[in-house]
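Step one of this worksheet: look at the structure below.
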Amino acid sequence: MMQTASLRLERVERHFLQGESRLTILDQADLAISPGEMVALVAPSGSGKSTLLHIAGLLERPDGGDVVVNGQSCGALDDAGRTAMRRAAIGFVYQFHHLLPEFTALENVMLPQMIGGLKRDVAAERAHALLDYMRLGHRTKHRPSELSGGEQQRVAIARAVANNPFVLLADEPTGNLDPTTSNYVFDAMTALVRQSGVAALIATHNHDLARRMDRAVTLQDGKILPHTL
Ligand code: ADP
Ligand code: MG
């Protein structure tokens, strides 16, 4: 029997109107990612990587086609259903950490869990475990402004997987970091993906990192195609 993909995009369409003309960003785009699989998304600026990640992350609706998360079709969900699915099943990491500045690292990782209904002490225990795993056990009480760029991204990654999502989406997560830090953050993210079995789609311009993932895809004329690096 075939294993259920954690994330599946089925004939996804996305168009933007630019003045009189219609810009096609995604044109019958298909993709399936298995549990524990890491897929690099490597394509030039402006080709639609962020658009694709937003649609996969249920932040934006496609104009056609469907997003299927762990076997569940999201096309028919209303906004509340999409939000619930996003919170429970999807983690997102951005290029800039987007942590809440007035909260500590620990609290930033606790919050999504508490929004998901977990009690404070349960959320705190898991947040401690995740931050330890990201080698940030000594930084739990720091606020984002008191952390280095690499540390901020590691907290953001811990937060993204705090609710044990099926899918981890990252939009150039090491794009703001120097090469050494970038490597370190990538290694930490890889360890988490392997250990948790989350399916990861990671947009990056860094070919060295892309080569270390299971496979790479690119965007060409709105299609998702295998990519050789
Ligand atoms: P990438 O992340 O690969 O750089 P994006 O997904 O951000 O690409 O953008 C792809 C294309 O879609 C770009 O040409 C961009 O200008 C266009 N685009 C993205 N969002 C919108 C929008 N909301 N309205 C109009 N055009 C958009
Ligand atoms: Mg982008």
Sequence-separation-based contact order of the stretch 95-224, relative, with Cα cut under 8 Å and 6+ spacing, percent: 25 percent
The stretch 82-128-the stretch 203-218 distance, computed between alpha-carbon centres (Å): 27 Å
Nearest-20 debye value, the chain charge dipole, Cβ charges on Lys, Arg, Asp, Glu: 460 debye
For the stretch 43-56, Karplus couplings with θ = phi - 60° (6.51, -1.76, 1.60), whole Hz, Gly/Pro x: 7, x, 4, x, 8, x, 4, 5, 4, 4, 5, 5, 5, 4
Nitroxide proxy distance, nm - points 7 Å out along Cα→Cβ at His15 and Asp132: 5.4 nm
Overall dimensions of the stretch 131-201 by Cα: Rg and Dmax, Å: 11.6, 31
Low-density loop positions, GluC sites (Glu not before Pro), the stretch 1-44 - DSSP coil, at most 15 other Cβ in 10 Å: Glu20
Contact order normalised by residue count of the chain, Cα under 8 Å, 6+ apart, percent: 30 percent
Length-normalised contact order of the stretch 39-163 in % [C-alpha pairs under 8 Å, at least 6 apart]: 26 percent
Options Thr51, Gln195, Asn206, ranked by Cα towards positive dipole end of the chain, top entry (Cβ charges): Gln195
Computed helical MRE - 222 nm, the chain, DSSP H runs ≥ 4 contributing -39500 (n - 2.57), nearest 500: -10500 deg cm²/dmol
Karplus-derived HN-Hα couplings along the stretch 21-30 (A = 6.51, B = -1.76, C = 1.60, θ = phi - 60°), whole Hz, x at Gly and Pro: 9, 9, 9, 9, 9, 10, 10, 6, 7, 10
Antiparallel bridge percentage (DSSP; both residues within the chain; nearest 5): 55 percent
Principal axis dimensions, the chain - Cα atoms, whole angstrom, descending: 51, 45, 39
Built amide H within the under 5 Å cut-off of Leu136, gap 5+: none
Nearest-20 debye value, the stretch 112-229 charge dipole, Cβ charges on Lys, Arg, Asp, Glu: 320 debye
Debye intensity ratio in log₁₀ form over the Cα atoms of the stretch 101-229, taken at each q of 0.15 Å⁻¹: -0.72
With 5 Å bins from 0: P(r) over the stretch 1-101, alpha-carbon pairs, percent: 2, 11, 21, 24, 20, 13, 6, 2, 1, 0
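Every read-out reported here was derived from the displayed coordinates using simple, explicitly stated rules and does not represent laboratory data. The model shown is predicted, which means the values in this text are computed figures rather than measured ones. Glycine gets a Cβ as well: all are built from the backbone with ideal geometry, and neighbour counts include every protein chain shown.
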